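Working notes, structure below.
The values are calculated or read from the model by the stated rules, or taken from the named source; none is laboratory data. Being a predicted model, the structure only gives us computed values, none of them experimental. Positions of Cβ are backbone-derived with ideal geometry, glycine not excepted, and every protein chain shown enters the neighbour counts.
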Amino acid sequence: MAFKEDSMLKWLIMVGFMLSLTGCYTLDKEHYESVVTTPSKIEKLEKTDEQLKQEIRSIKESLSNMEHTMEKEISANDVELKQTSPQKFMVTVKEQLLFNSGSADLNPQGRELIAKFAKAFEKAPATAHIRVVGHSDNRPVSKSSGYKDNWALSAARAAAVVRSLIWGEDIAPSRMHIEAYADTQPIAENTTEEGRAKNRRIDLFVEQG
């Protein structure tokens, strides 16, 4: 019996030793493979970094084109451009440049401006998208407008801009997003006509990613 127990103990020790060797081999193999694949990972990171830099350059170029294309409207304080991050900028357009009072139909001047915007957008990265946001003042809409409230009006105006960009300027629908906030995000006081005029606006965000 003692002989059998001794043999069993030796066998278990040998198995444990072999397993430990196998474990070491597996660990070393994994470590080796991680070292070997490191250069390719670095190359991938370098490509990603270069791609990001190119996208930022493209956004800057698109913004510069916007400034040049809309120079007249910017000088008249009807359009404002602002870069909000390295991969995003916004174009704020006053209501009167796009729509008649109480209407969500683009006027001729508005269609011309949207065409200018679309032309400058061509310089944006292929993966960039446009977020169109409608805003209003806090005065109730007139019954003759056909809109129930400022939510409906601001949404209809944002939708009109999106339709013009898609159908009129051939920008892919997949690159478009639409939002509406009525009078909940004012940029000026609603206590004066000047302030209300600033709040009635369309924001177009050009965003990467």
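The rows are residues; the columns are (1) under 24 Å from the mean Cα position of the chain (by Cα); (2) part of a loop (DSSP other than H, G, I, E, B); (3) charged (D, E, K, R).
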site	(1), (2), (3)
Met66	yes, no, no
Asn77	no, yes, no
Val91	yes, no, no
Ala104	no, yes, no
Arg111	yes, no, yes
Requested in this report: Keeping to the range 162-194, report how many residues are of a type in the set (Gly, Ala, Ser) and assigned to a helix (DSSP H, G or I).
Outcome: 3
Report task. Can you confirm whether the range 131-151 contains a residue that is of a type in the set (A, V, I, L, M), part of a strand (DSSP E or B) and modelled with pLDDT of 95 or more? Result -> yes
Query raised in the report: Quick one: would you say Glu112 is among the acidic types (Asp, Glu) and under 19 Å from Asp137 (Cβ atoms)?
Result: no
Query - For Val162: the one exception among (1) over 24 Å from Glu61 (Cα atoms); (2) without any contact (Cβ under 8 Å) to a residue 40 or more places away in the chain; (3) buried (at least 18 other Cβ atoms within 10 Å of the Cβ) - result: (1)
Report task. Might you let me know whether the range 95-111 holds any residue that is surrounded by 14 or more Cβ atoms within 10 Å (Cβ to Cβ), modelled with pLDDT of 95 or more and within 18 Å of Ser64 (Cβ to Cβ)? Result -> no
Report task. Could you please let me know if Ala172 is of a type in the set (Gly, Ala, Ser), under 30 Å from Gln51 (Cα atoms) and without any contact (Cβ under 8 Å) to a residue 40 or more places away in the chain? Result -> yes
